[in-house]
Structure formats: C-alpha cells, structure tokens
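Some notes on the structure that comes next.
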Amino acid sequence: MTGYKGRLTYAKGTYVEFVVAPDQEVDFGDILVVEGKNGDRFYIRAHDFKVKSRWSGINGVNYLMSKLDENGQADQEELAFYLGGNHTVKIAMAEQLCYSDAAGSLFNPKTCPDFFCEVRGLDSDDSALLSELKGDLEFGLLKSGRGVISLPVGIYGAKSIPEHMGIFGTTGSGKSNLVKVLASSLLGNGAYGLLIFDVHNEYFQDLIKHPMAQERLSVYNVNPYSPHEMKLGVGFADIEPEDITACASFTEPQMDALYKLSSVWQDQWVSNVLQYDVADIADELAGCTGQKFQSRTLSKIKSVCWNLQQEFKMEPEGPSSVGSILADLRQGKVVLVELKNVSNVGEQALSTLLSRKILQHSAAMGLEEKDQAKPVLIVLEEAHRFLGKKEYTSNNTFAQLVSEARKFNVGLCVVDQQPRLLADKVLSQLNTLFILGLAAKGDRNKLEAMCRKDILQQRNEIKNLDCGEMIVATNYMRFAAPVKVHKLEDYLERWTQEAMPAVSGNAPL
Ligand SMILES: Nc1ncnc2c1ncn2[C@@H]1O[C@H](COP(=O)(O)OP(=O)(O)OP(=O)(O)O)[C@@H](O)[C@H]1O
Ligand SMILES: [Mg+2]
C-alpha cells in the first residue's frame with residue numbers, strides 16, 4: 001500500500017484523477033496521498049477506475065478485433081505487442097478528503113493539487129491524518145482495498161461518548177467482538193465508565209483476560225452463581241413509574257393510577273402496592289386525590305410490581321446496588337450487568353432503571369463534581385426493542401438519554417442488526433456510526449441517509465464488508481474510514497504483552 005502509486009492527471013474541485021503506475025495496485029476505497037509542491041499533502045480516496053488506451057476508439061477496437069481468429073482467440077505475443085508499453089493506462093478517480101499544510105495541520109479541502117503531482121500510499125509519516133484517526137480508544141487498523149495497513153484507528157472517547165454511537169451489522173458481522181474490543185480499550189484506558197447490559201452473558205469470559213480486569217471490571221447478576229459476580233440488588237425505592245411502563249403496555253387510566261401512586265406514596269409506593277389489597281389502595285387514592293380507580297386498573301399495576309419483586313428477589317429494606325454501580329462507572333470502570341437468566345420484562349425494567357439512575361445522578365451533580373466525573377457510555381444491545389419506532393415516546397428513558405444526556409457526559413451506544421427499525425430521531429442523534437456488514441439494502445439506505453458524513457461513495461465498499469470489517473464515521477473525523485477491527489484474542493494478547501514489562505518491573509528483586 002505504501003510507496004509510489006502514480007501521477008495526478010486531472011483535478012476539479014475536490015475530484016481528482018490519477019494515472020496508476022504500471023505494476024502498482026490501487027483498489028476501491030484506498031486512501032492515498034498527493035504530494036503538493038510546498039510540503040502540503042492532499043489525502044484522497046479512490047472510488048472508481050477507468051482504463052484508457054490509444055486503441056480505445058472504434059477504429060482501434062476494430063483493428064484489434066481483426067487480429068482475433070474465429071474463436072475470439074489471438075496470438076498472445078502479437079496481442080502483447082499491441083497492448084504493451086505505454087499504450088494502455090488505468091485512471092483512478094478519487095475524491096479529496098482533507099488537506100494538511102507544510103506545518104502538519106489538517107484542514108478540510110481548501111484547494112486542489114497541481115498537474116502531475118506524485119501520488120503515494122499512506123505511511124507513518126502522515127502524522128497529521130493518523131493522529132486524528134488514532135483516538136484514545138483503539139479498535140482496529142486502517143483497511144486498504146485488499147489488506148490492512150499497520151496504522152491504528154480509534155475514537156476519542158471524550159468527544160465521541162457524549163455524542164452517542166451506533167454499531168450496526170447483520171448477525172455474525174462482528175458487533176459483539178467490536179464491543180469487546182472497545183471495552184478492552186476502555187479497561188486499559190480507565191478514563192471512561194462503560195455499562196454493558198449483557199443479554200447473553202458473553203462478555204465476562206473474554207474481558208476477564210485483560211490485565212486490568214481485576215481493578216476495573218465489575219460484574220453484577222441478579223442471581224450470582226460464581227464468585228466473580230456481585231449480587232445485583234434492587235430496592236423498592238429504586239423503582240419509578242417509568243421502569244414499570246417500560247416493561248408492559250398500559251392504558252391511560254392505568255398510567256394515571258401509576259403516577260398518582262408514586263406521587264402519593266413517594267419512595268414507598270412499590271412496597272405499599274405490594275403490601276395492601278387493591279380495595280385499600282383504591283380507597284387511599286380516592287382519599288388523597290379524589291379520583292376513583294377501578295380495581296382492574298390497580299390489579300394490573302400490582303401484578304407487574306409483583307412479577308418484578310419475584311424476579312429481582314426484592315425484600316423490604318433489601319440492599320440496592322444502584323449506588324455502587326454509579327460509583328464504579330464514574331471511577332472509569334467497566335460494569336457488566338448479566339441478564340441471561342432474566343426475563344424480557346425484567347431486562348426492560350432493569351435497563352431502564354439503571355440508565356435512568358445514571359441520567360438523574362449526572363443531572364444532579366454540582367459543577368465541581370461534574371468536572372471530576374468520567375464520561376459514561378451505556379451499551380444497549382438489540383436496541384430496537386427499546387428505541388424502535390413504536391417504543392420511542394417522550395417518557396421513554398432511552399429516548400430522554402439520547403436527546404439530553406450529552407449535557408451530562410453520558411452517551412448511549414446502540415447495537416442492532418436492523419438500523420431501519422430504530423426511530424429516526426434516535427438515528428439522527430448518533431454522531432459516531434460503526435457500520436459493519438449489512439445484508440439488507442433498506443438498512444444500508446437508512447444509514448446512508450442518516451450518517452453525518454457522506455458515505456454514498458462508499459456504497460460498494462459497505463456492500464462488500466466481510467466479518468470484522470467496517471466503516472467508521474464520527475463527527476470530528478473528516479471522512480468515514482474503512483477499518484479492520486482487531487480480533488479480540490489478538491488484541492488482548494497485545495495488551496498482555498504490553499503489561500508484562502510493567503508487571504516484571506514492579507516485581508521485587
Ligand atoms: N474483527 C474480527 N476479526 C476476526 N474475527 C472476527 C472479528 N469480528 C468477529 N469475528 C468472528 O466472527 C464471529 C461472529 O462475531 P460476533 O459474535 O461478534 O458477531 P455479532 O455481530 O455479534 O453476531 P450476533 O448478531 O449474532 O450477535 C465470531 O466467531 C468472531 O470470532
Ligand atoms: Mg453479538
């Protein structure tokens with residue numbers, strides 16, 4: 001990929017063409033450099049090719065055709081004579097991505113390169129571009145058309161986390177691997193908190209291999225079954241009406257009763273609903289609010305509360321883990337909430353409850369506390385279940401997170417196989433997109449329309465992404481970059497090797 005690639009033959013605006021040097025390979029999607037005259041550099045991406053020859057005219061083609069026999073074959077030596085030398089050229093069509101001046105500062109395209117400037121592959125000397133791509137949370141290597149270049153790519157967490165992210169790809173495209181690699185980077189970095197709702201309990205066994213896991217990985221489970229898991233306790237006072245409405249559908253009178261119960265009994269509302277008969281609850285509400293609720297209305301609420309109590313094994317005055325989870329996150333830890341053995345209803349309630357607590361806690365912080373608190377990212381798998389077109393309502397906690405959390409240094413990372421199922425309002429708030437292989441055209445079109453960066457020219461690339469390959473588009477990067485995500489095992493091995501000298505250095509002599 002590095003080295004001389006050709007010479008510029010045409011430029012108009014940000015569009016450029018260059019002739020590919022004989023024996024050189026340039027592929028769709030390759031990012032290359034045009035060397036300007038005064039030490040400035042133009043970064044370009046090839047998106048198409050055409051082949052031109054002195055034989056391209058109709059007379060030339062007819063002449064060559066006359067050399068073929070009745071089976072369309074020709075004497076190879078004779079054909080090589082006609083087509084060889086400089087008679088045929090391959091022209092690459094490319095778009096300028098950005099421009100760096102002689103001092104190494106990066107800008108959006110400002111001018112176009114001159115005729116016959118040299119075009120070459122990227123190398124480690126292109127530090128202005130590479131430092132923008134590198135970030136502080138690495139997840140892969142820059143991909144060229146056919147292979148990978150050993151140039152690391154990542155995102156800057158402080159910029160990207162509060163502006164929300166989306167990871168999209170069909171089943172098996174590498175979404176979970178990417179979340180694990182991101183989590184490993186976070187474990188190594190320690191500057192950000194990460195909360196993963198682990199629906200399949202698939203993260204612990206991999207992340208525990210990270211050298212920093214002992215210090216920075218916390219695992220919670222409602223039913224802990226091994227020593228590494230802490231009991232996830234939910235207190236009666238933790239639950240608010242939004243957590244109940246997230247896990248079942250309610251009629252308007254039921255919603256009304258729910259909010260009235262919480263405002264009349266405050267922190268005690270769940271425990272009172274569970275403790276008292278429906279008739280007594282109805283009397284109490286009638287006494288306090290003057291409204292008469294039917295017993296069927298109240299029974300539904302009581303039934304959902306009862307289900308949650310059973311599922312989370314809640315007890316009066318039982319311990320709550322919410323405080324310790326919030327503290328872990330703000331100290332820059334990775335928190336796994338294992339949900340494999342929790343029902344759909346419990347999962348919805350728990351994810352809503354914890355996310356809402358993070359949001360409330362962050363909103364209530366004083367200025368000084370806010371400065372010290374680390375940004376927190378919440379990973380939500382199969383996000384359309386929470387933020388689908390139907391689920392997106394103004395009192396949905398995740399919808400609130402997407403629209404407000406930026407102010408509080410909290411970000412959402414939605415992971416989904418079918419981005420088209422998500423509400424447009426959610427997609428439009430995701431400022432970093434990780435686009436892995438997507439089989440359905442509808443999903444690709446949706447992302448093309450919603451992405452803040454123009455990815456139309458990468459349509460062919462996106463269509464042909466293999467497992468673990470993706471396009472990353474983030475707000476502050478000047479263009480969407482093709483990336484080969486690290487395989488988790490390889491990435492962890494590198495971390496372990498890097499941690500080794502430090503460990504042996506600390507060991508007593
Ligand atoms: N970057 C990568 N390099 C090499 N192999 C990878 C990479 N990413 C994923 N894989 C492999 O591909 C397989 C599927 O990956 P993964 O489980 O991450 O997919 P997924 O998108 O989460 O699928 P699902 O939607 O079914 O959960 C795994 O066996 C994994 O090892
Ligand atoms: Mg997965």
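Just so it is clear, none of the values below were taken in a lab; they were calculated from the coordinates. Note that the structure is predicted; figures quoted are calculated from it, not measured. Reconstructed Cβ throughout: ideal geometry from the backbone, glycine too, with neighbour counts over all protein chains shown.
Based on Cβ point charges of +1 for Lys and Arg and -1 for Asp and Glu, what charge dipole magnitude is obtained for the chain about its Cα centre, in debye rounded to the nearest 20?
On the way: 53 positive and 65 negative charges, 197 e Å.
So the dipole magnitude of the chain works out to roughly 940 debye.
Set the Förster distance to 30 Å, then compute FRET efficiency between THR393 and TYR10 from the Cβ-Cβ distance, nearest 0.05. Taking R0 as 30 Å, the efficiency between THR393 and TYR10 is 0.05.
The order of the peptides 56-68, 466-478 by mean Cβ neighbours within 10 Å, most packed first, is 466-478, 56-68. Beta bridges from DSSP with both residues in the chain: antiparallel share about 65 percent, rounded to the nearest 5. Distance between the modelled labels on ARG494 and GLN291, one decimal in nanometres: 5.7 nm (7 Å Cα→Cβ projection). Within straight-line reach of LYS425, meaning a Cα separation under 12 Å, sit the following aspartates and glutamates at least 8 residues removed in sequence or on another chain: GLU391. Between ASP277 and HIS200, the FRET efficiency estimated from the beta carbon spacing at R0 = 51 angstrom works out to 0.80. Whole-Hz Karplus values for the stretch 367-384 come out as 4, 5, 4, 4, 5, 7, 5, 7, x, 10, 10, 10, 9, 10, 7, 6, 5, 5 Hz, taken residue by residue from phi with 6.51 cos²θ - 1.76 cosθ + 1.60 and θ = phi - 60°; glycine and proline positions read x.
Modelled spin-label separation between LYS370 and ASN38, with each label point placed 7 Å from Cα along the Cα-to-Cβ direction: 4.4 nm. Which translational diffusion coefficient, to the nearest whole µm²/s, is obtained for the chain from the Stokes-Einstein equation, given a Kirkwood hydrodynamic radius over C-alpha pairs, 4 °C and 1.567 mPa s? Result for D is 50 µm²/s. Coupling constants for the stretch 127-139 follow from the phi torsions by the Karplus curve (6.51 cos²θ - 1.76 cosθ + 1.60, θ = phi - 60°), and in residue order they are 5, 4, 5, 5, 6, 5, 7, 6, x, 10, 10, 6, 9 Hz; glycine and proline get x.
Look at the dipole of the chain built from charges on Cβ: of LEU258, LEU151, ALA480, the Cα furthest out on the positive end belongs to ALA480.
Its relative contact order, with pairs defined as Cα atoms under 8 Å and 6+ residues apart, puts the chain at 18 percent.
Here the spin labels are modelled as points 7 Å beyond Cα on the Cα-Cβ line, and at LEU64 and SER263 they lie 8.0 nm apart.
Take the Cβ atoms of ASP101 and ASN307, set R0 to 60 Å, and the FRET efficiency comes out at 0.40.
At 0.36 nm per residue, minus the direct Cα-Cα distance, what do ASP256 and PHE115 gain on full extension? Give it in nm, one decimal, please.
43.6 nm
The calculated 222 nm mean residue ellipticity attributable to helices in the chain amounts to -10500 deg cm²/dmol, summing -39500 (n - 2.57) over DSSP H runs of n ≥ 4 and dividing by all residues. Distance between the C-alpha centers of the stretch 336-411 and the stretch 308-330? Whole Å please. Centre-to-centre (Cα) distance: 16 Å. Distance between the C-alpha centres of the stretch 430-487 and the stretch 58-136: 24 Å, rounded to the whole angstrom. Set the bar at 25 Å for Cα to Cα. Now go through LYS110/LYS175; LYS370/LYS484; LYS90/LYS134; LYS390/LYS446 and name every pair that lies beyond it. Too far apart for the 25 Å limit: LYS110/LYS175; LYS370/LYS484; LYS90/LYS134.
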